[in-house]
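The values are calculated or read from the model by the stated rules, or taken from the named source; none is laboratory data. Quick caveat: nothing in here was measured; it's all calculated off a predicted structure. Note: ideal-geometry Cβ built from the backbone for every residue, glycine included; neighbour counts use all protein chains shown.
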Amino acid sequence: MPQVIGKLSQLPSANGCSPKLRAFAKDQIRGITVINGNLGQLSAKIRAFVEESVAMCLPERIHIVDGSEEESTTLLATLQHLGTIEPLPKYENCWLARTNPADVARVESKTFICTKHPEQAIPIPKDGVKGTLGNWISPEDYERAVQSRFPGCMKGRTMYVVPFSMGPIASPLSKFGIEITDSAYVVCSMRIMTRMGQEVLEKLADNSDFIKCLHSVGTPASGKINMPSWPCDPERTIILHKPANNEIVSYGSGYGGNSLLGKKCFALRIGSTIAQREGWLAEHMLILGITDPNGVKKYIAAAFPSACGKTNLAMMNPTLPGYLMECVGDDIAWMKFDSNGQLRAINPENGFFGVAPGTSSQTNPNAMKTVYKNTIFTNVASTSDGGIFWEGMENEIDPDVEITDWLGQPWKLGESKTPAAHPNSRFCAPASQCPIIDPSWEDNEGVPISAILFGGRRPEGVPLVYEANSWAHGVFIGSAMRSETTAAAEHKGKMILHDPFAMRPFFGYNFGDYLKHWLGMEKLAAKVGGHMPKIFHVNWFRKDANGKFLWPGFGENTRVLEWILQRVDEKDCYQESAIGRIPAPGAMNFEGLRGSVDEKELFSIPKQFWLDEVEAIEQYYNNQLPQDLPLSIAQELADLKRRVMQM
Ligand code: GTP
Ligand code: SPV
Ligand code: MN
């Protein structure tokens, strides 16, 4: 192991020493050796960020990440040596990580936005009501949270300095970040999920700004690490954002959105605050290219809450003949007007961090084809032939293999009562490996968006698809979204929760202001001669009286998209309903499904259900944003209520 060469106090100051000594000092920061990369390459701003972080976290050594394949190979070998990952010899360069069972998902309750005043970060709820649209932290408490966790937290560890870009490096829509982390797993994952390394460092050499991301898996106050292969500090985990400083600080967790700071923390929370300032949208949306049988191509963006079908829709295999689906992104969209007022989207990410269970050659063959090389799996089960397994892969494994569950225990198909893979287990795979990746997925100017979809898990009452009557009605639909909870966050049990715009865990500023920003986009578009895309709501998850899904979903969702694209072309294929426009009788193609699908039930709009829904939305607004709800949204709700009462 490389040695620490001297301490700060023993080193001559950088300006007062001989050239020879300066060369020696060049490879150290505050007496800590740089084992990879060289300091001369860091801009003054990056250097200052690294210095501050070193002084606080006291790592053993510093590694400036270059993003090369060689570096990745070395880091993966290090992780294997530490027992964090194991190789999956059945595939090419694939790895399995088993986390501490206390660190398996995002932690919404420990995620905070820091602003001077609370109403900048969150809507102020009604007296006596707990706010559910994010958590605010004061600058003083933010500082205390950092100071009580970070000093010395990287002792004995390597500090990695990770330069990364959200979006193609040359795109005017992209933004850069530096993540400082003590997790090699995070570095290897960031190499998949972002454009990372030398090229970004060179871009930042002109001393331009970047988002500061500081991450440590932490060291428990007791000093005792329960699972050395996956160090973390679940009791003190905290995810902090300070939009005014473009700063993210994350402590205690190595998992997903908690630690890969480019994703939810940067691209959504900090991103949404930048988007508000600059007049664009940073959203929890997939981006899908659809070519119809006539060869006409359009792109849609869709916001569904975590684990509600974005990756699946983004990679779907169309069941209707003549359609071609191509994937631009599966989780996040940054959308901006071009000079003609056309809304264009880029996927700021470079990989997929996808839900494993339920993914199979039947449901999502394109995802399966993506993950068999250069992929890091986390918390899935493994097989004795060097492969992986999760719920949904029953038909894809050799019946003779032995299975080891995500906890490392023997597991038997049909016998074991617990799931083999954790319900929030994930694959982390390069987007470029997706067989249907869109030829334009890295276009600097982004792809034109023709429709925006909202959706969620609604077991009852919500039809398969409906269209908003107007932009404001569409924004209202987004604000009123609800969905059944999933394993993607720490919620226990299944509940229908409000999840406006699928962004509840990801707003970087007051949701009331976010609504105003969305409403204002229509005027912004008109100003540059464009117009906003149509908005739709979809629900693949409605169930019958026996709890069975009414809709086959997955590839069959093509049928819904076909109707949506006809509406984008203003085809007269709809009928009005109290909640919005639904397909006219016979307008949606059910051919080949007839008999197996209850069309009437799929599109029924039960009056009592919608009266209750209206009341739930009203109560939600009254409780959660009594002062911040835009008037036009309140008006949309009143209009909906009137229409439902008249049903
Ligand atoms: P995040 O990555 O957490 O943001 O999730 P996501 O929105 O990308 O969800 P994903 O596509 O990974 O789907 C989550 C789960 O929903 C998987 O188990 C899928 O099999 C299931 N699912 C996706 N699409 C459909 C569908 O059309 N019908 C049904 N019944 N299930 C679906
Ligand atoms: C989500 O929960 O929406 C995800 C996974 O996409 S994570 O990156 O962990 O946020
Ligand atoms: Mn997501």
Legend entry - Checking A451 against (1) surrounded by fewer than 23 Cβ atoms within 10 Å (Cβ to Cβ); (2) within 16 Å of ligand 3 (Cβ to nearest atom); (3) over 25 Å from F266 (Cβ atoms), the condition it does not meet: (2)
Inset, instruction - Determine which member of the set E349, E396 is under 17 Å from T311 (Cα atoms) and of a type in the set (D, E). - result: E349
Inset, instruction - Please identify the pairs in which a residue from the stretch 270-293 that is within 16 Å of ligand 1 (Cβ to nearest atom) has its Cβ atom under 9 Å from the Cβ atom of a residue that is basic (K, R), counting only partners at least 6 apart or on another chain. - result: G271/K175; A282/R269; H284/K264; H284/K310; M285/K310; L286/K310; I290/K297; I290/K298
Inset, instruction - Look at E562 and say whether it is among the acidic types (D, E) and modelled with pLDDT under 95. - result: no
Inset, instruction - For the stretch 476-501, name all the residues that are more than 14 Å from ligand 3 (Cβ to nearest atom), part of a helix (DSSP H, G or I) and either polar (S, T, N, Q) or under 21 Å from the mean Cα position of the chain (by Cα) (or both). - result: G478, S479, P500
Inset, instruction - Evaluate the stretch 299-315: report whether one residue or more is under 21 Å from W518 (Cα atoms), touching a Leu at 6+ places or on another chain (Cβ under 9 Å), hydroxyl-bearing (S, T, Y) and touching a residue at least 12 places away in the same chain (Cβ under 8 Å). - result: yes
Inset, instruction - Working carefully through the options Q646, Q566, find the one that is loosely packed, with under 14 Cβ neighbours inside 10 Å and more than 23 Å from C308 (Cα to Cα). - result: Q646
Legend entry - Residues satisfying the stated conditions in the stretch 550-564, i.e. within 7 Å of ligand 1 (Cβ to nearest atom) and either in contact with a Ser or Thr (Cβ under 7 Å, 6 or more places away or on another chain) or among the hydroxyl-bearing types (S, T, Y) (or both): F554
Inset, instruction - Mind listing whichever residues of the stretch 62-73 are surrounded by 14 or more Cβ atoms within 10 Å (Cβ to Cβ) and either over 16 Å from Y160 (Cα atoms) or not small (G, A, S) (or both)? - result: I62, H63, I64, V65, D66, E71
Inset, instruction - Would you be able to tell me the number of residues in the stretch 195-212 that are crowded, with 22+ Cβ neighbours inside 10 Å, over 18 Å from the mean Cα position of the chain (by Cα) and more than 16 Å from R47 (Cβ to Cβ)? - result: 1
Legend entry - Conditions (1) part of a loop (DSSP other than H, G, I, E, B); (2) charged (D, E, K, R); (3) within 16 Å of ligand 1 (Cβ to nearest atom); number of the one not met by E601: (1)
Inset, instruction - Could you grab the pairs with beta carbons closer than 6 Å, sequence gap of 6+ or different chains, first residue in the stretch 171-194 and touching a residue at least 12 places away in the same chain (Cβ under 8 Å) and surrounded by 24 or more Cβ atoms within 10 Å (Cβ to Cβ), second one hydroxyl-bearing (S, T, Y) and assigned to a loop (DSSP other than H, G, I, E, B)? - result: Y185/T84
Legend entry - Matching residues in the stretch 294-316 - criterion: being among the polar types (S, T, N, Q) and within 12 Å of ligand 1 (Cβ to nearest atom): S306, T311, N312
Legend entry - Search result, residues across the stretch 307-337 that are buried (at least 24 other Cβ atoms within 10 Å of the Cβ) and modelled with pLDDT under 95: none
Legend entry - Residue satisfying all of: in the stretch 34-48; over 30 Å from the mean Cα position of the chain (by Cα) and assigned to a helix (DSSP H, G or I); modelled with the highest pLDDT among these: A44
Inset, instruction - Quick one: count up the residues across the stretch 510-524 that are closer than 15 Å to Q627 by Cα and not hydrophobic (A, V, I, L, M, F, W, C). - result: 5
Inset, instruction - Considering only the stretch 213-249, state which residues are more than 17 Å from V50 (Cβ to Cβ), crowded, with 18+ Cβ neighbours inside 10 Å and of a type in the set (S, T, N, Q). - result: T219, T237
Legend entry - Single condition R504 does not satisfy, out of (1) over 20 Å from the mean Cα position of the chain (by Cα); (2) in contact (Cβ under 8 Å) with a residue 24 or more places away in the chain: (1)
